[in-house]
């Protein structure tokens, strides 16, 4: 017995092993113990699998989780033994999976946000169809994993946009009583969510629901029980996410079609009411069209229902109408355009065909980056990250390129640029600001999806032509002025300097330059819509070289230190663009302004220190505080923003007193931050020395590449990846995945490539850290880059081998911890040999280019 106990202890089953295994299977430890019991043979068998338990093939794990309460102890034992055997073949099973099969939409859904969760959606789809368990508020809304009820299935989950909530029901009609009355219990048993598809069972109505979509059309399949009281609710007057509906109108077109409009009330971010139009067709006729206004059913038979709180029900009295298919097309232009979207994108009733096409579309996009090796868990997190990086930001133009411009006094219908055949060259997009995307989307998209950079660039230029400003987070054709600064500058600089140029660069530069002065986009504080705006402090920045605290203006995020640092970086990006465009005077001007960060360096505190309007340092300064943001810093603190100088790391290191002092300070910050899982407790972003739960700190681990200690970048990137590697509904992003930015960051860290300056340099380059996979292949788009693919290979890749020992680029020794984008674009192979101990000689002789060295 003692030998058996020692073996179990040695193989780390015990409480820790049970915790790991139960977590991997998505079940409580108590349930796991109940299944295992005290059967020592079984314990020894499972323990012998070691790491494989943590990488269980997901369908097996789900089966085990869902079968616990059904099986007798004897059968439990047999099932577990079978699973143990299957686990040995887990590597073979996962190797056969396509990228789309590895995506897990449920990751971190306990912390969901209205635009976070997607299932039945195409890449950047106008339609993002999914179940809603919580419908009030932009945060903690949409699909939350631990919620018990589904309130509706809505078609729009976007930045400041929502709309078209539907719900199939049976029995007594409750649509007019609101979602609290007609919501239904559901279970995760048998639920399936994957890119382009969702399947769930509504317990209260015994209805099986399946959802899929094209870019602009949601496709529903309902399996009703045999009943004469089946109905579909269109709750067009419902409050969804960001605010109430001011008005809706729905009308009957025929006994198989309805159409309507839902007007979303303006918010503090989206300053104008915004209509969402829809057209819905069914494969079977409904018997009755009946509606309500203000919770009262309209007794008179009417073909049009309208009002502030209105909606309709479609009633089916045929008991044989058990399967009902419904297509819902939407548009932000008109009902006619919604119908055009519907008829163009789905001209048939083959649900499975659309489902399969959606899966294939996603697989094509995800397969742009292929991986080999790593654990199943790491593969799932990688493709889930990549999937998030390809959604969140939404198309708002129709199939023919029409979109609604809301930048002026009244809405105007416009059309994107068309090719010689009259087809749109690029869609028009809706998106949150690019705040922080210089360390995520700008890098990833420019590598693997350069066409996206072109598309979004065209959207921003169109908005400049329409409304006079390059936008900072457009929503439904509105300006929102979300967050701070002008993060579109690094976006354009990265695109143009990497050769992504299918847009009017002179017009773009004109708009970007305008934003860099008084009255431009920078001069708007967060959500400051009044004109003229000055909460962004550009007058202070130009006159004094820094933005003070205490600016009296409307709007939020009037955080002078953050503004100063971000403006200085954005000035440097504009200088890179002006140099590429041979605008020498502008280049000199913006290069000089890019040093303005030094005006907030306090030699006494030896950190970035905010200043009052009179120029004095703010009192009671602390680098870390227990709050959402410290005074002077946007959703962050001085401990993090002090490092926000991607344009001049060498200059910052000199202010610190040299590399040794800087490395000690930065490394100690990570040691402190690790204790808090690299995130501020309770999302208090100013409460940690390192915060990977929000944009301002997401480049910090890569700073060591510039300070002569690349092995510390390798160490801390791996540690951050481990903390953010969860693939359960209870972790993975720490609750804040801003429209693909954290997913893109996770993808880059897993591949081992990064660009601290956001790729904005006139001659862009990539910094290297150790990938977690044996091989990563990035397939290059030949419309932009001459090479076929760029491959990153590792040798001696084991979990403990996190340090780069040596490197080769295209069979030539590479002693630098970086290489140029030109080499990437040509295609080739980067080979990295890994080891358990750091090689402190590799990558230190020639640090990555920076402001002081390159003079560019």
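Put a dot 7 Å past the Cα of residue 846, heading toward its Cβ, do the same for residue 348, and the two dots end up 5.7 nm apart.
With the convex hull constructed from alpha-carbon coordinates only, segment 634-778 shows a mean projected area of 9.2 nm² over all directions. The convex hull built on the alpha-carbon positions of the chain has an orientation-averaged projected area of 36.4 nm².
Mind giving me the FRET efficiency for residue 296 and residue 226? R0 is 22 Å, r the Cβ-Cβ distance, nearest 0.05 is fine. Intermediate results must be reported in sequence, preceding the final value.
Numbers: r = 31 Å, r/R0 = 1.39.
Working from the Cβ atoms, E equals 0.10.
For segment 186-288, what are the per-bin percents of Cα-Cα distances with bins 5 Å wide, up to the bin holding the maximum? Pairs per bin, as whole percents: 2, 9, 16, 17, 20, 18, 11, 4, 1, 0.
Using C-alpha pairs under 8 Å with a sequence gap of at least 6, the mean separation divided by the residue count of the chain gives a relative contact order of 10 percent. You can think of it this way: the chain between residue 246 and residue 617 has 128.8 nm of extra reach, that is 0.36 nm per residue less the Cα-Cα gap. Between residue 506 and residue 308, the contour length at 0.36 nm per residue exceeds the Cα-Cα span by 66.7 nm. The convex hull defined by the C-alpha atoms of segment 750-856 has an orientation-averaged projected area of 6.9 nm².
Send over the semi-axes of segment 385-768's equivalent ellipsoid, whole angstrom and largest first, taken as the square roots of 5 times the C-alpha gyration tensor eigenvalues. Don't skip to the end; give the middle numbers.
Details: eigenvalues 198, 118, 79 Å².
After diagonalising the Cα gyration tensor, the semi-axes are 32, 24, 20 Å.
At q = 0.09, 0.13, 0.16, 0.17 Å⁻¹, what log₁₀ I(q)/I(0) does segment 440-595 have when each alpha carbon counts as one equal point scatterer in the Debye sum? Reported log10 I(q)/I(0), two decimals: -0.26, -0.56, -0.85, -0.96.
Read-outs throughout are calculated quantities, based only on the coordinates presented, and are distinct from any laboratory measurement. Keep in mind that what you see is a predicted model, and the values were worked out from it rather than measured. Every residue, glycine among them, receives a Cβ derived from its backbone with ideal geometry; neighbour counts consider all protein chains shown.
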